[in-house]
1. When segment 67-83 is examined, which residues are found to be part of a loop (DSSP other than H, G, I, E, B) and without any contact (Cβ under 8 Å) to a residue 24 or more places away in the chain?
2. Hey, does segment 73-88 have a residue that's more than 13 Å from the chain's Cα centre (by Cα), exposed (fewer than 14 other Cβ atoms within 10 Å of the Cβ), under 22 Å from residue 16 (Cα atoms) and at pLDDT below 85?
């Protein structure tokens, strides 16, 4: 009932449920698929000039599950909707980039 009335609650509850309940349940299938997808990206980028940064746009970064798979020397632009995922993503990004 609360979710029907509060946009703030909706914006917080979905990412929280997704990151803490649904994602761990599906990780056993998502991780191999994610690795395969980024391997395809790396295969297609093999002949690029690695001194120039790769420009990447990620829409809906969520908890930042893809961050560890991006190639080195890449400029990542992130579009996300909720402040909850902004907080999580910035923490994850700081850990990975430092």
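The values are calculated or read from the model by the stated rules, or taken from the named source; none is laboratory data. From a predicted model like this one, the values you see are computed outputs, not experimental measurements. Virtual Cβ from ideal backbone geometry, glycine too; neighbours counted across all protein chains shown.
1. 72, 73, 80
2. Within segment 73-88, one or more residues are more than 13 Å from the chain's Cα centre (by Cα), exposed (fewer than 14 other Cβ atoms within 10 Å of the Cβ), under 22 Å from residue 16 (Cα atoms) and at pLDDT below 85.
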